[in-house]
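Remarks on the structure that follows.
The values are calculated or read from the model by the stated rules, or taken from the named source; none is laboratory data. In this text, all values refer to a predicted model and were calculated from it rather than measured experimentally. Neighbour counts are summed over all protein chains in view; Cβ atoms, including those assigned to glycine, are modelled from backbone coordinates with ideal geometry. Ligands, DNA and RNA are stripped out before the accessible areas are found, and what is left, the full protein with its side chains, is counted by its heavy atoms. Shrake-Rupley method; radii C 1.70, N 1.55, O 1.52, S 1.80 Å.
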Amino acid sequence: MSVKIRLQRHGKKGKPFYWVVAADARAKRDGKFLEKIGTYNPNTNPATIDLNIEKAAQWLHNGAQPTDTARAILSYTGALLKHHLDGGVRKGALTQEQADAKLAAWLDEKAGKVDAKKSGLSKAQADAKAKAFKAEQEANAKRIAAQVEATKVEETVEEVTEEVVEAATEEAPAVEENNEETQA
């Protein structure tokens, strides 16, 4: 029986969530599996990967072949490196302590890169939010200035209208007097 390390899809439509499993190569994609090794959530940024490195390395030692995507995930988490270092320990090229130290150093470096990416994304998000807030404040200031200007224009129009009405009412009696004189 050939064993594959592959992804098993879960989650709803448009929001995939995967289990990383060791399964018989003849089994269906989402069917029967031998062991669940971890999970993979591509919906987050960066993608969330929770993998049991020990189990993955054990399946690799037993001859399981990862699919392309599973290989990328195993490489990203360090399972392939652990498998490689364990091969060096079996051959006598290095001791188990040296292999563990190399793996720990690599995992620390990888965690630093992931944290840097997360902080960079959160900073970019905060900058975008601040920029949008500033643009909104500028738009509000323009809107308020336009309202103030419109109010001033309305007040000026009202004043002019009142002056015209007053002038018209002052002239109206004089016109009426002229009309009365001409009629008499």
Working only within segment 4-39, note down all residues that are over 14 Å from Ala70 (Cβ atoms), under 24 Å from the mean Cα position of the chain (by Cα) and of a type outside the set (Lys, Arg).
His10, Gly11, Gly14, Pro16, Phe17
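Each row is one residue, and each column tells you yes or no for (1) without any contact (Cβ under 8 Å) to a residue 60 or more places away in the chain; (2) closer than 30 Å to Thr48 by Cα; (3) of a type in the set (S, T, N, Q); (4) surrounded by 10 or more Cβ atoms within 10 Å (Cβ to Cβ).
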site: Ala93; (1), (2), (3), (4): yes, no, no, yes
site: Ala116; (1), (2), (3), (4): yes, yes, no, yes
site: Ser119; (1), (2), (3), (4): yes, yes, yes, yes
site: Lys123; (1), (2), (3), (4): yes, yes, no, yes
site: Asp127; (1), (2), (3), (4): yes, yes, no, yes
site: Ala130; (1), (2), (3), (4): yes, yes, no, yes
site: Ile144; (1), (2), (3), (4): yes, no, no, yes
Counting just the residues of segment 48-69 that are assigned to a helix (DSSP H, G or I) and within 24 Å of Lys118 (Cβ to Cβ), which one comes out most open to solvent (accessible area, probe 1.4 Å)?
Thr69
Could you tell me whether Ala99 is without any contact (Cβ under 8 Å) to a residue 60 or more places away in the chain and either over 27 Å from Arg6 (Cβ atoms) or loosely packed, with under 13 Cβ neighbours inside 10 Å (or both)?
no
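This table checks each residue for (1) farther than 27 Å from Asn45 by Cα; (2) modelled with pLDDT under 80.
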| residue | (1), (2) |
| --- | --- |
| Lys113 | no, no |
| Ser122 | no, no |
| Ala141 | yes, no |
| Glu162 | yes, yes |
| Val175 | yes, yes |
| Thr182 | yes, yes |
When residues of segment 97-145 are filtered for being farther than 16 Å from Gly78 by Cα and not acidic (Asp, Glu), how many remain?
27
In segment 13-24, is there at least one residue being crowded, with 16+ Cβ neighbours inside 10 Å, of a type outside the set (A, V, I, L, M, F, W, C) and either touching a Phe, Trp or Tyr at 6+ places or on another chain (Cβ under 9 Å) or at pLDDT below 95 (or both)?
yes
Collect the residues in segment 25-47 that are open to solvent by less than 60 Å² (accessible area, probe 1.4 Å) and in a loop (DSSP other than H, G, I, E, B), keeping them in residue-number order.
Ala25, Ala27, Gly31, Pro42, Thr44, Pro46, Ala47
